[in-house]
Each structure stands twice: as structure tokens, then as C-alpha cells.
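What follows is one structure encoded as C-alpha cells, with my remarks underneath.
The values are calculated or read from the model by the stated rules, or taken from the named source; none is laboratory data. Keep in mind that this is a model prediction, so the values were computed, not measured. Cβ sites come from the backbone with ideal geometry, for glycine too, and all protein chains shown count toward neighbours. These area figures cover heavy atoms from the full protein model, side chains too; ligands, DNA and RNA do not enter into them. Shrake-Rupley method; radii C 1.70, N 1.55, O 1.52, S 1.80 Å.
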Protein chains: 2
Amino acid sequence: MTTTDNGVNVQALLDAREVLKGAPEAAQFTWRATSSWQNGVHSTVKIQNFFGLGEEQNHKSASVFDADHPAVFAASDNGITPIEYLLVGLTSCLSAGVASVAQNRGIQLRSVEAYVEGKMDIRGILGVDSEVRNGYDDIKVTFKIDADASKKEIEAIVAQSQKRSAVYDLVTNPTNVTVEVT
Amino acid sequence: MTTTDNGVNVQALLDAREVLKGAPEAAQFTWRATSSWQNGVHSTVKIQNFFGLGEEQNHKSASVFDADHPAVFAASDNGITPIEYLLVGLTSCLSAGVASVAQNRGIQLRSVEAYVEGKMDIRGILGVDSEVRNGYDDIKVTFKIDADASKKEIEAIVAQSQKRSAVYDLVTNPTNVTVEVT
């Protein structure tokens, strides 16, 4: 008998699920980021702490990200564009789900590659045509998965990952955003 | 007379707007990312090229991002969580817009800080309660801007940035996502 090991501690997650059933207040998380404008359309964004399980939490180290626009937008390209960060989040969220679901189903993964592309008509952000939206028109994610499983089992894992993905939900459904100036 | 210089080449953007009015096909961009699963819920995501202005384009260098879950999720915390990447994109997009709009209005910025927080009930992703959504319930962005302008002018700049923000649009409105397995 071989043991499935995708590196996901599924038992801890199942235990957390049981605990949170009786403690909904512990399930309330707040994720945070702070951005500092540098110059032009270049900002740096820092992430370190968050709130969850009823108390302040920390990542083991701070992460800092550069966001800018590329040369074709007459900018300095000191980092990827803000809209590309969405693709980072979407593809990594779905991949994390694939690993977790596969672990829970006893399916060993060998490799999981995901390619994502988002189509966007930049006449929206440039204000050329008010009928054109600013964000992506359409996003497509393509998974290539090598695992001890049938194509049908793999498709079912990916479907379950979509069903539980925080970023997939956020992209496909509207979310309220409040913007204030202090 | 002083010249406003926020580092944004507004003239180039206004020129692009004029050109794209008559060339909508050049305004069709495709942004891309490729993720590779590492172990557990840790993936690395690479971004380098994109398509726009009718041809293949490249960032001046490739960017690679780590996404993982923190220790409270029984994971290795090799990077921020996927859902935190959304906050990186949202805050940097709105900040880029603030710099661009301020430049266009002749308002000199001295500093632009933005703090964003997203509230999430993790009973959704854990499957505790199907009535709880997976993504953020609510996101709040707070700007602190030092500029040669009145509070009212600054608020108007932030409002215009929201109106033209790709990421703000993506978060507040639904977007179609197709997921396939090859």
C-alpha cells in the first residue's frame, strides 16, 4: 500500500472545519495590504500581518511587490501590472485547491501546471468608449495535470477546486469595495 | 510657474486614446501567467509576456511569485495567500490611477499611501456552510494622500481613478472564467 502525499495536511483542515462549525467568530479573517506610491504608475505593496482565529497573525516574513505598467503604456515596467496580479491569485488559488482535493481523495499528484490568460480591451481604462469595461472581458485557465488518476477523476478534482476557490469566487461574482480618503 | 511632474506621461496616454479610437483591434490585450505547483498549497507563478497593440510584447524581465497558505492553515507560508494577491492588484491599480488623474489635472502629488483590508469568512472555503461565500465579503480601501490640492480635489481624483480602474471593475463586477483540463 502506498500513501498519498501531496504535502497538504488535510486532517488539520478537516479538524479546523469541525472546530469552526461551533465557532463561527474564529472563522472571520481580515487580509491586509499597504501600498506606497513611488513615481508614475509604480507602487510598492507590502503584506505581512492579518487577523484570524480571533487574533492578530503574521506571515513568517513580509512580502513586498512592485506594480507598474509596461513600456507600451509609456511607463517604466518596474513590475507587472495590477491586473496581472489577479492572474497570479487566480491560478495559484485553483492550484492549491487541486492539491488539497487530490490529497483528500487519495490521489497522488506528480505535476500541476496551469496557464491562464485574461482578455482585456484597453479602450475601457483609457476612456475611449464608455461601453467598454475596464477589467477583463474573459479569463481562461488551462490545467495540465500529471497524477495517478483518470482524466475524469482529474476533471472532478479541478471542478471541486473551483467550487471552493476564494479567488475564483471573487472574480466570477461581484464584491463590494468601499474607497475612502482620510 | 511650476510644472506638475508625477512621473506619468499623460500626453502619451492621451495620444494612445486618439489612435485607438480608430483602431479598436490594437486595443485588444491578452495578459498571461503560468503557475507550477511545488508542494502542498505552494505554487510559483511566472509572468513575462503578453499580447497587445497587435503583437507579442514582453515585460523587461520575468517576474516569479510564490503563493502559499500561512501556518494557521497548516501550510508552509512560502508566500502570501492567493486571495492577498487581489489586494496587491486592487491597491496598486487605484494608486496608479490617482497618479495619472492627478497628472492630467495638473496636481502635484507628494505621497500616496493606500491601506486595504478584505474581510473573509473562511467557513466558505472549508465547506463548513454552503451559505457562506468563498471570497471576500467586503473590501475597504483607505487613501492617505499628500498633494497640492484641496480635500475635495483629492476625493475627485480618487473617484475618477475608481471609474477607470481595471482591478476595481474586476472585483466589483462579475467576470466569466472558463477552466479546462488538457
_Can you find, within the stretch B:127-146, the residue that is surrounded by the most Cβ atoms within 10 Å (Cβ to Cβ) among those that are small (Gly, Ala, Ser) and either at the interface with chain A (Cβ under 7 Å from one of its Cβ atoms) or touching a Lys or Arg at 6+ places or on another chain (Cβ under 6 Å) (or both)?_
B:GLY135
*Could you list, in sequence order, the residues of the stretch A:62-81 that are open to solvent by less than 30 Å² (accessible area, probe 1.4 Å) and touching a Gly at 6+ places or on another chain (Cβ under 8 Å)?*
A:SER63, A:PHE65, A:ALA67, A:ASP68, A:ALA75
*Could you check, for the stretch B:104-111, whether at least one of its residues is in a helix (DSSP H, G or I), among the small types (Gly, Ala, Ser) and open to solvent by 20 Å² or more (accessible area, probe 1.4 Å)?*
no
*Take B:GLY89 and decide whether it is within 22 Å of A:VAL171 (Cα to Cα), out of contact with any His (no Cβ under 9 Å at 6 or more places or on another chain) and open to solvent by less than 30 Å² (accessible area, probe 1.4 Å).*
yes
_Test set (1) within 7 Å of another protein chain (Cβ to nearest Cβ); (2) surrounded by 13 or more Cβ atoms within 10 Å (Cβ to Cβ); (3) more than 16 Å from B:ASN104 (Cα to Cα) - B:THR182 fails condition number_ = (2)
*Criterion (modelled with pLDDT of 95 or more, among the aliphatic types (A, V, I, L, M) and either farther than 16 Å from B:THR178 by Cα or assigned to a loop (DSSP other than H, G, I, E, B) (or both)) met by exactly one of A:ALA156, A:ALA114, A:ALA96*: A:ALA96
_Residues that are free of Cβ contacts under 8 Å to residues at least 12 places away in the same chain and either facing chain A (nearest Cβ under 8 Å) or touching a strand residue (DSSP E or B) at 6+ places or on another chain (Cβ under 9 Å) (or both), drawn from the stretch B:48-67_ = B:GLU56, B:GLN57, B:ASN58, B:LYS60
*Output the residue which, of all residues in the stretch A:16-42 that are β-branched (Val, Ile, Thr) and more than 22 Å from the chain's Cα centre (by Cα), is farthest from the other protein chains (Cβ to nearest Cβ).*
A:VAL19
*Does the stretch A:112-123 hold any residues that are open to solvent by 30 Å² or more (accessible area, probe 1.4 Å) and without any contact (Cβ under 8 Å) to a residue 12 or more places away in the chain, and which are they?*
A:ARG123
*Is it the case that some residue within the stretch A:166-179 is open to solvent by 10 Å² or more (accessible area, probe 1.4 Å) and modelled with pLDDT under 95?*
no
_Here is a list: A:VAL72, A:VAL45. Which entry is facing another protein chain (nearest Cβ under 7 Å), within 23 Å of B:LEU13 (Cβ to Cβ) and part of a helix (DSSP H, G or I)?_
A:VAL72
_Restricting to the stretch A:155-165, give me the number of residues that are hydrophobic (A, V, I, L, M, F, W, C) and either touching a His at 6+ places or on another chain (Cβ under 6 Å) or surrounded by fewer than 22 Cβ atoms within 10 Å (Cβ to Cβ) (or both)._
2
*Collect the residues in the stretch B:1-30 that are part of a loop (DSSP other than H, G, I, E, B), β-branched (Val, Ile, Thr) and modelled with pLDDT of 95 or more, keeping them in residue-number order.*
B:VAL8
